[in-house]
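First up is the structure itself, then whatever we jot down about it.
The values are calculated or read from the model by the stated rules, or taken from the named source; none is laboratory data. Since this is a predicted model, take the numbers as computed values, not measurements. All Cβ positions, even for glycine, are placed from backbone atoms using ideal geometry, and neighbour counts span all protein chains on display.
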Amino acid sequence: MECNTLVVRTGNRTVLIETGIGNKLPEKLQNIYENKARLLASLEEAKIALDEIDIVINTHLHFDHAGWNTVLKNGKAVATFPRAKYYVQRGEWEHAQEQHERDRISYISDNYNPLIESGQMELISGDREICPGISVRVMPGHTRHHQSVVLKSGGKTACYIGDLVPTVSHLHPTWVMGYDLDPIACIDNRHKLYGEAVPQQWLCIFTHEPRTPMAYITKDEKGTLVANPVR
């Protein structure tokens, strides 16, 4: 599986959607996931400096989506992107603070609490435009306050779906994950997503898909959802 981060340039802002696992996992989890921690090197290869990032959007705060929000300096977690404003749903952060036995392993406080303390992370409530052309929509199911990111430009729409539909193997509405806290909400919101994405020909971006990270979703003659890769 991949952790696909998306960079969006609006003309006057550089926006980073999702930050992946990062490099702060405890040794036990590093041995389990064997994560490569490549984001900073990938940004460098793309000639994007860390202080160029104006906005960071997390779909939710699980460690595989918010890990590079911060890095350790002298043993303290600080913002990886020093100029950026970070955005996540307030309800997501509040749930992370609960450290509930069902999913506390998914939340690492150093990925977000230092940003709350510094004022760099803004907690939002509900659907909202983050900047012109980029907005978030609450799409519960995976978590109660999971949000997807909708991009509009030149009369076209793209959507960074997040873990509502993590890979193309999860296109079928009922093929949900064991990680999903509310499978029924997940199914309902997938139908809601497809109700717009299919007829309006949205470019869909999948957060964990290794082979087809971007695709247009259509239906075949049997009504089965199909991901058509962007070449």
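For region 6-34, residues that are within 16 Å of I55 (Cβ to Cβ) and in contact (Cβ under 8 Å) with a residue 60 or more places away in the chain total 9.
In region 199-231, how many are among the polar types (S, T, N, Q), at negative phi and part of a loop (DSSP other than H, G, I, E, B)? Break it down stepwise before answering.
Pass one, region 199-231, residues among the polar types (S, T, N, Q): 200-201, 207, 212, 218, 224, 228.
So of that shortlist, the ones also at negative phi come out as 200, 207, 212, 218, 224, 228.
From what's left, part of a loop (DSSP other than H, G, I, E, B): 200, 207, 212, 224.
Total satisfying the criteria: 4.
Within region 177-231, the residues that satisfy the criterion of being of a type in the set (S, T, Y) and over 17 Å from L6 (Cα atoms) are Y179, Y194, T218, T224. Of the helices (runs of 4 or more DSSP H) lying entirely inside region 1-82, the ones with 2 or more residues being at pLDDT 95 or above are found at 39-45, 63-66. Among the residues of region 145-166, the one identified as out of contact with any strand residue (DSSP E or B) (no Cβ under 9 Å at 6 or more places or on another chain), in contact (Cβ under 8 Å) with a residue 12 or more places away in the chain and in a loop (DSSP other than H, G, I, E, B) is P166.
Contact map, region 181-195: first residue at pLDDT 95 or above, second residue buried (at least 18 other Cβ atoms within 10 Å of the Cβ) and of a type in the set (S, T, Y), Cβ cut-off under 8 Å, separation 6 or more or different chains; pairs are L181/T143; L193/S148. Checked against (1) over 23 Å from F63 (Cα atoms); (2) surrounded by 16 or more Cβ atoms within 10 Å (Cβ to Cβ), R144 passes all but condition (1).
Taking region 176-198 as the range and being assigned to a loop (DSSP other than H, G, I, E, B) and more than 14 Å from L225 (Cα to Cα) as the test, the residues that pass are V176, M177, G178, Y179, D180, L181, D182. Here G155 clears all of (1) buried (at least 16 other Cβ atoms within 10 Å of the Cβ); (2) farther than 15 Å from C204 by Cβ except the condition numbered (1). Within region 190-206, does at least one residue satisfy the condition of being under 18 Å from the mean Cα position of the chain (by Cα) and surrounded by fewer than 16 Cβ atoms within 10 Å (Cβ to Cβ)? Checking region 190-206: not a single residue is under 18 Å from the mean Cα position of the chain (by Cα) and surrounded by fewer than 16 Cβ atoms within 10 Å (Cβ to Cβ). Only residues that are over 16 Å from the mean Cα position of the chain (by Cα) and loosely packed, with under 15 Cβ neighbours inside 10 Å were counted across region 89-115, and they come to 10.
Condition first: crowded, with 23+ Cβ neighbours inside 10 Å and in contact (Cβ under 8 Å) with a residue 60 or more places away in the chain. Can you find one or more residues in region 116-125 that meet it?
no
The numbered conditions (1) of a type outside the set (K, R); (2) farther than 20 Å from L6 by Cβ; (3) in a strand (DSSP E or B) are all true for P173 except (3). The C-beta contact set for region 72-88 (first residue touching a residue at least 12 places away in the same chain (Cβ under 8 Å) and buried (at least 22 other Cβ atoms within 10 Å of the Cβ), second residue part of a strand (DSSP E or B) and of a type in the set (S, T, Y), distance under 8 angstrom, 6+ apart or interchain) comprises T80/T70.
Residues in region 91-140 that are among the charged types (D, E, K, R) and not in a helix (DSSP H, G or I) were compared, and the one that is nearest to V15 (Cα to Cα) is E129. Comparison of T19, T14 shows that the only residue that is touching a Ser or Thr at 6+ places or on another chain (Cβ under 8 Å), crowded, with 17+ Cβ neighbours inside 10 Å and of a type in the set (S, T, Y) is T19.
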